[in-house]
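Here's the structure we're looking at; comments come further down.
The values are calculated or read from the model by the stated rules, or taken from the named source; none is laboratory data. Only a predicted model underlies this, so the values are computations on that prediction, with no experimental measurement involved. Because the Cβ atoms are built from the backbone with ideal geometry, glycine has one as well, and the counts that use them run over all protein chains shown. With ligands, DNA and RNA removed, areas are computed over all heavy atoms of the protein, side chains included. Shrake-Rupley method; radii C 1.70, N 1.55, O 1.52, S 1.80 Å.
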Amino acid sequence: KVDIDDFSIITDPKTYKLYCEGRTVGTFQFESGGMQKYLRELQPSTFEDLIAMNALYRPGPMDYIPQFIARKHGDEPIVYDIPIMEKYLKDTCGVIIYQEQVMLLSQEIANFTPEESDLLARAICHQRLTQSETAWKEKFIRGGMENGYTEEFLEKIWRDWMRCGNYLFNKSHAVCYTWLAYKMAYLKAHYPEEFMQAYFTINDKAI
């Protein structure tokens with residue numbers, strides 16, 4: 001009997017070996033050839049690694065995958081503009097990947113309320129800043145300067161956010177997607193014959 005909803009499977013070595021070898025055909029969100037290639041390069045060792053890859057492997061974010069992998073392996077230094085950023089970017093090797101990271105940093109740096117930070121992240125991700133960008137930017141600069149940051153530094157952070165905004169993914173969604181994918185990978189790693197039989201049966205019916 002297999003309890004596939006038991007969170008203790010989240011550290012299963014056999015499942016991570018499957019990911020590291022790129023043997024993910026038939027698993028939700030991780031089965032494309034490109035994803036398999038990046039998994040072999042990344043050698044994921046934690047569930048956070050898988051969540052990040054799930055969020056990054058999309059049009060736009062894919063440009064940041066090599067940097068994420070290089071930082072994961074220590075081939076590129078992890079740099080934080082200010083110490084507080086490590087608190088929110090450590091799990092992603094200093095790379096901003098999720099909407100929630102922008103939300104939390106805007107609260108820390110510029111005193112945005114949770115509601116304001118949510119609206120900001122949504123606007124950035126959906127490229128809806130054309131009319132409101134000036135107002136959001138002015139609020140961010142003003143709030144950051146009140147907290148002792150220089151205008152030059154705040155301008156840099158804002159530019160970084162605008163540059164990466166079109167790829168920011170919602171982490172809560174990425175976690176749910178990755179948990180479902182991980183459970184499929186766990187079944188494939190431990191019960192490959194049964195898994196592939198079910199996979200081909202389902203795909204045959206779909207055809």
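Miscellaneous remarks
- Two-site label geometry, N170 and F153: point separation in nm, points 7 Å out along Cα→Cβ: 3.2
- Residue-span extension gain [M62 to I84] - 0.36 nm each, minus C-alpha spacing: 5.3 nm
- Within the chain, all pairs of alpha-carbon atoms sorted by distance into 5 Å bins from zero give the percentages 1, 7, 14, 17, 16, 13, 11, 8, 6, 4, 2, 1, 0.
- DSSP H segments from the chain that extend 15 Å or more along their own axis, Cα-based, with Kyte-Doolittle mean of 1.6 or above: none
- Ranked from largest to smallest solvent-accessible area, with a 1.4 Å probe on the protein heavy atoms, K14, K72 come out as K14, K72.
- Here the Debye sum runs over all C-alpha atoms of the range 42-87 as equal scatterers in vacuum, and log10 of I(q)/I(0) at q = 0.14, 0.18, 0.19, 0.33 Å⁻¹ comes out as -0.38, -0.62, -0.68, -1.12.
- Net charge dipole, the range 57-180: roughly 360 debye, given to the nearest 20, about the Cα centre with Cβ charges of +1 for Lys and Arg and -1 for Asp and Glu.
- Whether the range 5-44 is rounded, prolate or oblate, judged on the alpha carbon gyration tensor where a/c under 1.5 counts as rounded: oblate
- The relative contact order of the chain comes to 27 percent, based on Cα pairs under 8 Å that sit 6 or more residues apart.
- Using the Cβ of T15 as centre and a radius below 12 Å, the other residues enclosed give a net charge of +3, where K and R count +1 and D and E count -1.
- For the chain, adding -39500 (n - 2.57) for each run of n ≥ 4 DSSP H residues and dividing by the number of residues yields -19000 deg cm²/dmol at 222 nm.
- 29 Å Cα-Cα threshold exceeded, pairs from K14/K72; K87/K188; K87/K139; K72/K171; K37/K171; K1/K87: K87/K188; K1/K87
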